[in-house]
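The values are calculated or read from the model by the stated rules, or taken from the named source; none is laboratory data. Just so you know, these numbers come straight off a predicted model, no measurement behind them. Using ideal geometry, Cβ is built from the backbone for each residue, glycine included, and neighbour counts are taken over all protein chains shown.
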Ligand SMILES: Nc1ncnc2c1ncn2[C@@H]1O[C@H](COP(=O)(O)OP(=O)(O)OP(=O)(O)O)[C@@H](O)[C@H]1O
């Protein structure tokens, strides 16, 4: 059923200690809720895809995790500690903002020196090695690098801080497909070397399919889906068959998306426990990550099980 999903099966359990945990988390800007009633837990060592349409609240959630803004409601914990101004756990978190935190007038070497001065856990050899392996000249001004090279420098700086949780807000934005692939490959190499947990937001779901193993879907400020990607894919399937039979399925199985012509219907459904035997005229197949995400985004009222496992701290 999950054959189309190429991410390696993870040995992690959903009940391993949560690196990141939100409970009833909400953020209001003046009269508008950017994030509401957000509860989720991410186990250690996961690579998390945070997806959702424009204005869904992704940046707001990531800024709350990084301690850059304070919640209006609820709490977010990293490594079991509530995030706040005095949170020592934030020393274990690196955040790469959407508008890469680089200074155009600095050379790459100066950016690395800056990183070394600001970060007590800085690994200078690692930073230089990563930049040189990518053939990025140390003496070039950051403003003269390509978008892909700038993303790689920002990633190298973040990794050199030796975080245990790396939070990246749209690291792939404005990059061409090859640069996106290269950045994701670099990120995966860092994950393989260090075992760090990564949360990254993106609009391009297909870029995440091979590398991420945990999915969070935000829609209109609410969490619709949070869970292990393999589990989520296994819990859904696509049914296609005669339109005349559609009502027999929709009455018995939770339908996330429904696309019909006069004679034919395609349904993306959630497998309930004890899923009913279907008429042989139905054709069933597995879903891929992009289909799953799109189906939920089209139905903001739908939420997926399993619900996040919250771990007592
Ligand atoms: N500083 C702010 N002041 C007022 N409203 C804000 C502020 N930051 C975000 N918002 C609002 O909160 C909502 C969520 O915004 P957010 O940037 O978190 O979404 P997003 O999912 O990251 O969007 P995008 O994909 O477009 O970057 C939006 O309606 C946005 O206009």
Seminar exercise, completed: Going through segment 17-70 in order, the residues found to be over 21 Å from residue 196 (Cα atoms) and away from the ligand (no atom under 13 Å from the Cβ) are 23, 24, 37, 39
Seminar exercise, completed: Filtering segment 98-112 down to residues that are exposed (fewer than 13 other Cβ atoms within 10 Å of the Cβ) and over 27 Å from the mean Cα position of the chain (by Cα) yields 104, 105
Seminar exercise, completed: Those residues of segment 202-234 that are crowded, with 19+ Cβ neighbours inside 10 Å, touching a helix residue (DSSP H, G or I) at 6+ places or on another chain (Cβ under 6 Å) and in a helix (DSSP H, G or I) come to a total of 2
Exercise. Tally time: how many residues in segment 103-137 are under 19 Å from residue 183 (Cβ atoms), in a loop (DSSP other than H, G, I, E, B) and at pLDDT 90 or above?
Worked result: 2
Seminar exercise, completed: Across segment 166-182, the tally of residues that are outside any loop (DSSP other than H, G, I, E, B) and surrounded by fewer than 23 Cβ atoms within 10 Å (Cβ to Cβ) stands at 6
Exercise. When residues of segment 20-54 are filtered for being in contact with a strand residue (DSSP E or B) (Cβ under 9 Å, 6 or more places away or on another chain) and free of Cβ contacts under 8 Å to residues at least 12 places away in the same chain, how many remain?
Worked result: 0
Seminar exercise, completed: Of (1) crowded, with 18+ Cβ neighbours inside 10 Å; (2) over 14 Å from the mean Cα position of the chain (by Cα); (3) under 30 Å from residue 139 (Cα atoms), residue 95 fails just (2)
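Does segment 56-71 include one or more residues that are assigned to a strand (DSSP E or B), at pLDDT 95 or above and within 14 Å of the chain's Cα centre (by Cα)?
No, there is no match, as no residue in segment 56-71 is assigned to a strand (DSSP E or B), at pLDDT 95 or above and within 14 Å of the chain's Cα centre (by Cα).
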For this session: May I ask you to list the residues in segment 117-151 that are crowded, with 16+ Cβ neighbours inside 10 Å and without any contact (Cβ under 8 Å) to a residue 40 or more places away in the chain?
Result: 123, 126, 127, 128, 131, 136, 145, 148, 149
